[in-house]
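To keep things clear, I will list the structure first and then write my remarks on it.
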Amino acid sequence: MTQANLFLKKINSDYVALHESYENYFWTSYMGDHSVDEKKNIAAQALDAFRGNQTLRAKAESLLAKANAATQVRLRIWINFFDTYQLSAEAALLKNEIDQLETIIMQRITARVEGYTDATTNTFVEASALKMRTLMRTSPEEKIRKACFDALEKLALENIDEYVQLVKLRNQFARALGYDDFYDYKLRKLERTDKKTVFSLFEDIAKNTRGMFAVVRKLEESDKGLRKPWNFAYKMSGDFTAQEDPYFQFDEAVMRWGKSFAALGIDLKKGSLKLDLLDRKGKYSNGFCHWPKLVEYNNGSRTPGAANFTCNVVAGQIGSGVAGYNTLFHEGGHAAHLLNSTQKDVCLNHEYAPMTAAWAETHSMFLDTMFSSIEWKMRYAKDKNGSSYPFELFANIVEKLHVLKPALMLRIIFISTFEKEVYELKNPTAEKIIDIARKNYRTHTDLDGDSLTALSVPHIYSWDSACAYHGYGLAEIALSQWRDYFYKKYGYIVDNPAVGKEMQETWKWGASKSFDEAIKVATGKKLSSKALIKNITMSPAQVLRRAKSRLIKMQQVKPYNKPVKLKAAITMVHGKEEISNNKVSFESMANKYAKWVRREASK
Ligand SMILES: [Zn+2]
């Protein structure tokens with residue numbers, strides 16, 4: 001083995017070990033056991049030190065001259081990697097301070113007692129923030145919705161002083177490395193794009209979708225209080241959430257997810273998966289997927305990776321099951337993506353830079369969008385009696401809610417713009433940040449009232465997900481373009497192994513291509529918001545016509561009836577307790593888990 005190859009072997013295995021140690025603590029901590037937090041921070045420091053190691057960078061550089069072309073490519077991947085994470089002594093100190101502050105905020109969020117005050121009895125009702133958000137969408141009693149809203153507004157402010165401090169430190173960190181501010185650092189250094197590119201795409205979309213607000217104001221004329229923040233989601237969609245709920249019972253979710261992935265031909269390449277899906281006190285309140293074990297190569301042979309993913313389903317709560325389904329597709333999509341990578345250098349096989357949030361989210365969001373399509377619902381979503389999701393319900397929803405289709409994109413633009421403006425503050429203070437949160441809420445929702453919901457978004461408090469929300473927006477643009485491409489080519493997406501095959505081809509790339517390049521190769525076209533804008537500004541009649549023709553096409557597609565084999569070792573857990581696994585079969589694992597979910601729901 002040449003010197004260069006020995007060096008590559010060593011840095012790959014060193015990095016895998018450091019990554020794994022950190023990720024194991026990360027998972028334990030985020031799942032609610034904070035006894036490991038200090039170890040997590042120490043492991044994070046070791047990881048940061050490796051990523052920014054300039055001695056290793058210099059060594060890689062010195063080996064270039066004698067290396068062959070293929071090895072040179074690999075050395076350059078690492079040189080670029082070490083450059084990406086290079087920290088000055090000042091920045092390294094700041095990063096440690098930031099890690100510690102983030103840990104304090106997280107501990108406080110997960111340990112606090114959450115709930116609302118019942119206005120009739122004047123008693124405190126304990127309920128997680130997540131549960132209160134669901135109640136705001138589904139409770140028929142305005143008093144309860146309003147109480148949840150007020151409680152959430154109060155929670156949003158609990159860490160404001162620490163957040164101000166965090167913004168200052170992150171900006172100092174970015175400036176120590178020569179960037180204007182932290183958002184600028186995130187975009188230019190880690191995402192390989194810039195504010196102008198991202199926000200001009202967003203402004204274009206916002207401009208093209210503002211018509212939605214006029215329609216909603218018109219609706220309010222005959223539905224007083226519609227635009228109140230605690231009424232809007234309920235009045236627009238509360239009934240539908242309840243009507244859809246019987247078709248998305250959570251005990252069926254794992255089986256349907258498995259079948260649908262198998263029908264696409266998704267193969268997890270002998271990886272391992274650990275899923276922790278139900279909410280519990282102390283657990284991080286947002287879904288995510290991480291990879292404690294990265295796919296790696298040793299002397300040419302591939303070692304599969306391992307992924308963990310989580311969400312916060314409240315078993316039995318109306319509207320919660322469907323969110324759990326969404327997670328299985330979304331986070332399952334993330335897991336499948338990187339478990340399929342075939343890159344020899346492990347720094348291309350994780351979700352951190354050089355991977356971009358935009359490219360990573362394209363896959364997860366493509367799969368959750370497929371799940372939310374009428375083709376998927378009519379094929380897979382059945383109630384207890386085995387009746388399929390009715391087209392009529394879909395039609396009613398489209399008639400009433402299609403006008404709100406831009407709302408998702410506008411929310412992404414809202415959070416991204418909020419963060420951008422916060423980090424652009426010359427002198428951040430709590431008052432200024434609160435103003436920015438309120439102003440952007442009004443601009444991007446047009447609701448009748450103020451809200452500090454931007455400060456409740458968990459992403460803004462954590463290093464990796466802060467100033468990364470735009471990734472969802474870019475992914476939404478990309479997946480619309482990709483869906484368009486697949487419909488034109490095959491006529492259907494659900495249960496189409498040809499779609500799965502093309503996606504898996506792109507998954508092999510890991511982070512070896514930039515987002516723009518990857519989209520161009522995958523869809524044959526440069527990234528453009530055309531498909532997305534068309535999709536979210538169609539009339540309900542157009543949407544229904546398109547749905548009918550897609551459903552006709554689905555009649556020719558046989559349902560998947562074979563056993564589910566995703567080629568992975570899967571474990572379903574609840575914290576440290578194992579509920580079931582697929583050693584015997586996927587079906588037996590899903591059944592055992594379903595029984596457990598039903599028991600939890602009846603508690
Ligand atoms: Zn995601």
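Let me know the shape class of region 50-205, please: from the alpha-carbon gyration tensor, a ≥ b ≥ c as square roots of the eigenvalues, rounded when a/c is under 1.5, otherwise prolate if a/b is greater than b/c, or oblate. Mind showing how you got there, number by number?
Details: a/c = 3.00, a/b = 2.44, b/c = 1.23.
Here region 50-205 falls in the prolate category.
Taking the charge dipole of region 468-603 about its Cα centre, with +1 at Lys and Arg Cβ atoms and -1 at Asp and Glu Cβ atoms, the residue from Leu479, Thr537, Val584 reaching farthest to the positive side is Thr537. The residues neighbouring Ala430, those whose beta-carbon lies less than 13 Å from its own, together hold a net charge of -2 under the Lys/Arg +1, Asp/Glu -1 convention.
Pull out a ≥ b ≥ c, the square roots of the eigenvalues of the alpha-carbon gyration tensor of region 485-574, then state rounded if a/c is under 1.5, prolate if not and a/b is larger than b/c, and oblate in the remaining case. Numbers along the way, then the final one.
Working: a/c = 1.94, a/b = 1.13, b/c = 1.72.
In terms of gyration-tensor shape, oblate.
Between the alpha-carbon centres of region 419-489 and region 228-263 there is a gap of 24 Å. Relative contact order for region 391-473 using alpha-carbon pairs under 8 Å, separation at least 6, rounded to a whole percent? The normalised contact order for region 391-473 reaches 33 percent.
I want the local charge near Pro540. Using Cβ-Cβ distances under 9 Å, sum +1 for each Lys or Arg and -1 for each Asp or Glu among the other residues.
Working: positive: Lys400; negative: Glu399.
So the environment of Pro540 carries a net charge of 0.
Using θ = phi - 60° in the Karplus curve 6.51 cos²θ - 1.76 cosθ + 1.60, the 3J(HN,Hα) couplings for region 457-462 round to 6, x, 3, 5, 8, 10 Hz; x is entered for Gly and Pro.
Between Met1 and Val73, the modelled label-to-label distance comes to 2.0 nm, taking each label 7 Å out from Cα in the direction of the beta carbon. Dividing the helix sum by the residues of the chain, where each DSSP H run of 4 or more adds -39500 (n - 2.57), gives a mean residue ellipticity at 222 nm of -18500 deg cm²/dmol.
Computed on the chain, with alpha-carbon pairs under 8 angstrom and 6+ residues apart, the relative contact order is 18 percent.
Cα gyration tensor of region 437-485, axes a ≥ b ≥ c as square roots of the eigenvalues: rounded (a/c below 1.5), prolate (a/b > b/c) or oblate? Can you show the working numbers first?
Working: a/c = 4.03, a/b = 1.46, b/c = 2.76.
In terms of gyration-tensor shape, oblate.
With a simple spin-label model that places each label point 7 Å from the Cα along the Cα-to-Cβ direction, the separation between Ser588 and Asp33 comes to 2.7 nm.
Please work out the FRET efficiency for the pair Asn96 and Lys66, using the Cβ-Cβ distance as r and a Förster radius of 60 Å; give the result to the nearest 0.05.
0.95
Shape annotation for region 1-86: C-alpha extents along the principal axes are 49, 24, 15 Å, from largest to smallest.
The dipole here belongs to the chain: it is taken about the Cα centre, uses +1 on the Cβ of Lys and Arg and -1 on the Cβ of Asp and Glu, and is about 2100 debye. For Trp596, Trp291, the sequence from fewest to most other C-beta atoms within 10 Å is Trp596, Trp291.
Under a Cβ-only charge scheme (Lys and Arg +1, Asp and Glu -1), can you give me the dipole magnitude of region 1-86 about the Cα centre, in debye to the nearest 20? Don't skip to the answer; put the middle values down first.
Working: 10 positive and 9 negative charges, 118 e Å.
So the dipole magnitude of region 1-86 works out to roughly 560 debye.
Looking at the chain from every direction and averaging, what is the projected area of its Cα convex hull in nm²? List each step's numbers first, then the result.
Numbers: hull surface 107.0 nm².
Averaged projected area of the chain's Cα convex hull equals 26.7 nm².
Taking every DSSP beta bridge with both residues inside the chain, roughly what % is antiparallel (nearest 5)? Write down the numbers at each step before the final one.
Details: 16 of 28 bridges.
The antiparallel proportion sits near 55 percent.
For Lys432 and Ala46, what does the FRET efficiency come to when R0 = 45 Å and r is the distance between their Cβ atoms, rounded to the nearest 0.05? According to the calculation, E is roughly 0.80.
For region 45-160, a crude dipole built from +1 on the beta carbon of Lys and Arg and -1 on the beta carbon of Asp and Glu, taken about the Cα centre, is about 600 debye to the nearest 20.
Candidates Ser549, Leu75, Ser373 compared by Cα position along the dipole of the chain: farthest toward the positive end lies Ser549, with charges placed on Cβ.
Can you flag which of Lys131/Lys259; Lys283/Lys488; Lys10/Lys513 are past 31 Å Cα-Cα? The pairs that break the limit, which is 31 Å between Cα atoms, are Lys283/Lys488. Under conditions of 25 °C and 0.890 mPa s, region 406-491 yields 172 µm² s⁻¹ as its translational diffusion coefficient, taking Rh as the Kirkwood radius over Cα pairs in the Stokes-Einstein equation. With labels modelled as points extended 7 Å from the Cα through the Cβ direction, what inter-label distance (nm, one decimal) is found for Ser301 paired with Lys218? The modelled label-to-label distance comes out at 6.7 nm.
Taking amide H as placed 1.01 Å from N in the peptide plane, Ile570 has its amide H under 5 Å from the amide H of Leu273, Asn582, each at least 5 places away in sequence or on another chain.
Using 0.36 nm per residue of separation minus the Cα-Cα distance, give me the extension gain between Phe124 and Arg108 in nm, one decimal.
That pair, Phe124 and Arg108, stretches by 3.8 nm at full extension.
Annotation: amide H-H contacts under 5 Å for Phe288 (H modelled 1.01 Å from N, sequence separation of 5 or more, or interchain): Thr310.
Bear in mind these aren't lab numbers, they're just calculated from the coordinates by the rules spelled out. Worth saying up front: this structure is predicted, and the values here are computed from it rather than measured. Don't worry about glycine lacking a Cβ; one is built from the backbone with ideal geometry, like all the others, and counts go over all protein chains shown.
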